[in-house]
Amino acid sequence: MAKNETAGAPVPADINSLSFEEALAELQELVKRLEKGESRLEESIRAYERGAQLKRHCESKLREAQLKVEKIVLGSDGSPGADPIKLD
């Protein structure tokens, strides 16, 4: 398992490799299945655990994007630019 550094919790590598949009779509699908209530208990628990991991991953991706947006600056000529940031 890889480590999601902002949450400090282990996140499987397959989740870490997902884009925000992919993770969100999977999370939405898990929620739909859980809301139906048709899954067996163990399957529901696994889905809930994966959903929590997907949620942490999405939150991490959003924080990264927020940092990038906050680093956008205007140059001396008024044109937008960006300060390089370190996320590690």
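From the convex hull of the Cα coordinates of the stretch 38-77, what is the mean projected area in square nanometres?
3.5
Return the distance in nm (one decimal) between the two label points of a simple spin-label model at residue 69 and residue 33, each offset 7 Å from Cα along Cα→Cβ.
Between residue 69 and residue 33, the simple spin-label model gives 3.1 nm.
Where in the stretch 26-78 are there GluC sites (Glu not before Pro) that are in a DSSP coil and have at most 11 other Cβ atoms within 10 angstrom of their Cβ?
38
Pulled fully out, how much extra length does the chain show between residue 52 and residue 19, if you take 0.36 nm times their separation in residues and subtract their Cα-Cα distance? Spell out each step's value before the answer.
Details: separation 33, 0.36 × 33 = 11.88 nm, distance 1.60 nm.
Between residue 52 and residue 19, full extension yields an extra 10.3 nm.
Give the long-range amide H neighbours of residue 11: residues separated by 5 or more places, or on another chain, with amide H under 5 Å away, using H modelled in the peptide plane at 1.01 Å from N.
The answer is 2, 3, 4.
Computed from the coordinates by the stated procedures, all read-outs in this text should not be read as laboratory data. What you are looking at is a predicted structure, and each value in this text was computed from that prediction instead of being measured. Positions of Cβ are backbone-derived with ideal geometry, glycine not excepted, and every protein chain shown enters the neighbour counts.
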